[in-house]
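Here the structure comes first, spelled out in structure tokens, and everything after it is commentary.
Throughout, read-outs are computed from the coordinates displayed, never taken from laboratory work. It should be emphasised that the depicted structure is a prediction, and the values quoted were computed from it without experimental measurement. Positions of Cβ are backbone-derived with ideal geometry, glycine not excepted, and every protein chain shown enters the neighbour counts.
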Amino acid sequence: MLAACAPTRPPLDELDAASRALAIAREAQAPQQVEQDYRVAADAFRRAQSAMARAEYDEAAAHARQAEAHAEFATASARVARARAELERLRAENETLARNLAEMEQRP
Amino acid sequence: MSAHRFPAAMLALVLLAGSADAAPPRRDVVATGDTRADYPSPEELAARIDHIAADPFVAANAAGAIAAARASLLRFGEARRAERESWARATERRIQTIQVTAEAAQLEAERERLQRGNERLQLDLARAEAARVRAELERERLQAQIRAEEAERLQLAAEAARLEGEQAAQAADAARAEARQAKRIANAQARANELARKEAELAAALEGGSAKGAAARTLAVADSLFARGAASITSAGRQEVARLAAAIAAEPATRTLRIEARGPDRELAERRALALRDALVGEGVAKGRVTIDAARADAPRLRVVIGG
């Protein structure tokens, strides 16, 4: 069995992509809404960076891939969390409004 | 965007299948013949993606995530051995992202529905509030109107009462004036009567003789006139006096009157005669006509002799 013997290059593109994905996650409020998921992505990115510093390019690339994918996941999860919170807010508000309306219609 | 609800059961199933920390170990034969793999094969991941993307709602609302997962799958398929596992994990993560994206779309659709409901309720509430304010204003306007009408009614009633009072006062004045007038007329009538009477007396006096020739008339006086041994007229005696006065008045006014009083006590008899005279004068008999004739006698007697 032959191992792939292409020389590994520094995964700069992968790190770049991961960094952008994390930035998008931050813009989507992932650190606040889904702290755990964001942390997994951020940790993966740090591991990628530390591997880069040690010139372990395959390892760095692997972590960078995980960081990017998990950052995307965190972004989508933050969207869910926001939608859920707004949904709850609207449910409660509608309940109050409906109650006020019923009271007002009872008193002529 | 379709409002198709993403089946919760499907979501749970796929989430369990591809959780971040515990990917189910799979014994797969990868294309290179490597039997060590404990991550899914590209074929299996392709099947998962196809299965999830078959849901129309997912396909419509997570198209970007589906494309990203397929791109990741492609890299996985092309990856050299050292990179395969990380690509497999990344692709699995991206498949989960498809499901989460679909869930977000579903929740946002629900949120939109509630938002519209919220706006409808706000509008209904505003309308109800406006209607209540209008009703309140109308009530106040009616009350003000009622109060104004009441005030006017009271004012009119006060005015009518005042007029009534004036009219009553006027009527009272008129009645008093009438009474004064009647009194004046009565006085004038009385004076006229008096003059007529005096005229008649004078006329009778002028005729003189015919009157003298008439026979004397004697009026007996009832015993009840005086109380025993007294010379004051009793209350019952007042009627007797009136009777005598009427009988006297029936005679010509010029005829003399002689009060004859007899009794064992001459002085008492005289006092009684005088009392009777005064009483008759009080009844309108002219004092000048009356003479007193009092004397002692055994039998008490009291009478008025007219013309004798």
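Search the structure for amide H atoms under 5 Å from the amide H of B:Ala294, placed 1.01 Å from N in the peptide plane, and list their residues when 5 or more places away or on another chain.
Residues meeting the amide H criterion: B:Ala261.
List, in order, the whole-Hz ³J(HN,Hα) value for each residue of segment B:269-283 obtained from phi through the Karplus relation with A = 6.51, B = -1.76, C = 1.60 and θ = phi - 60°; use x for Gly and Pro.
4, 5, 5, 4, 4, 5, 4, 5, 4, 4, 5, 5, 4, x, 8
Counting other Cβ atoms within 10 Å, keep those with at most 12, restrict to DSSP loop, and tell me which trypsin sites (Lys or Arg not before Pro) in segment B:173-243 are left. Please list the in-between numbers first.
Details: sites: B:Arg176, B:Arg180, B:Lys183, B:Arg184, B:Arg191, B:Arg197, B:Lys198, B:Lys212, B:Arg217, B:Arg228, B:Arg238, B:Arg243; in loops: B:Arg228.
Answer by residue number: B:Arg228.
What base-10 log of the normalised intensity I(q)/I(0) is obtained for segment B:73-117 from the Debye formula, alpha carbons as equal point scatterers, at q = 0.14, 0.18, 0.25, 0.31 Å⁻¹?
Calculated log10 I(q)/I(0) at the listed q: -0.49, -0.60, -0.80, -0.96.
Using Cβ counts within 10 Å as a stand-in for footprinting exposure, how do B:Tyr39, A:Tyr38 rank, fewest first? Mind showing how you got there, number by number?
Details: B:Tyr39 22, A:Tyr38 25.
Ordered from fewest to most neighbouring Cβ atoms within 10 Å, B:Tyr39, A:Tyr38 come out as B:Tyr39, A:Tyr38.
In whole percent, what relative contact order does chain B give with Cα contacts below 8 Å and a gap of six or more residues?
On the way: 308 pairs, mean separation 38.2, N = 308.
Taking the mean separation of contacting Cα pairs over the length of chain B, I get 12 percent.
Taking all pairs of distinct Cα atoms, average 1/r, flip it, and tell me the Kirkwood hydrodynamic radius of segment B:77-236 in Å to one decimal place.
Details: mean 1/r = 0.0320 Å⁻¹.
Over segment B:77-236, the inverse of the mean reciprocal pair distance is 31.2 Å.
Check which residues have an amide H placed less than 5 Å from B:Thr218's amide H, if you skip close sequence neighbours.
Correct list: B:Ile306.
Amide H neighbours of A:Gln29 under 5 Å, at least 5 residues apart or on other chains, H built in the peptide plane: list them.
Amide H neighbours of A:Gln29: none.
What angle, in degrees between 0 and 90 and rounded to the nearest 10, separates the Cα long axis of helix A:12-27 from the longest principal axis of the Cα atoms of chain A?
Roughly 10 degrees, rounded to the nearest 10.
What percent does the relative contact order of segment B:52-118 come to when contacts are Cα pairs within less than 8 Å and at least six residues apart? Numbers along the way, then the final one.
Values: 45 pairs, mean separation 25.3, N = 67.
Over segment B:52-118, the number comes to 38 percent.
Where the centre of each part is set by its Cα atoms, how far does segment A:36-51 sit from segment A:53-78, in angstrom?
What the calculation gives is 7 Å, centre to centre.
Tell me the net charge near B:Asp223. Cut-off is 12 Å between Cβ atoms, B:Asp223 excluded, with +1 for each Lys or Arg and -1 for each Asp or Glu. Kindly include the intermediate steps, with their values, before the conclusion.
Values: positive: B:Arg228, B:Arg272, B:Arg301, B:Arg303; negative: B:Glu240.
Within the 12 Å Cβ shell, the charges total +3.
Return, for the Cα atoms of segment B:184-308, the radius of gyration and Dmax in Å, separated by a comma.
Cα radius of gyration and Dmax of segment B:184-308 are 16.0, 54 Å respectively.
For B:Ala236 and B:Ala216 in one chain, what is 0.36 nm times their gap in residues minus the Cα-Cα distance, to one decimal in nm? Write down the numbers at each step before the final one.
Details: separation 20, 0.36 × 20 = 7.20 nm, distance 2.74 nm.
Computed gain between B:Ala236 and B:Ala216 is 4.5 nm.
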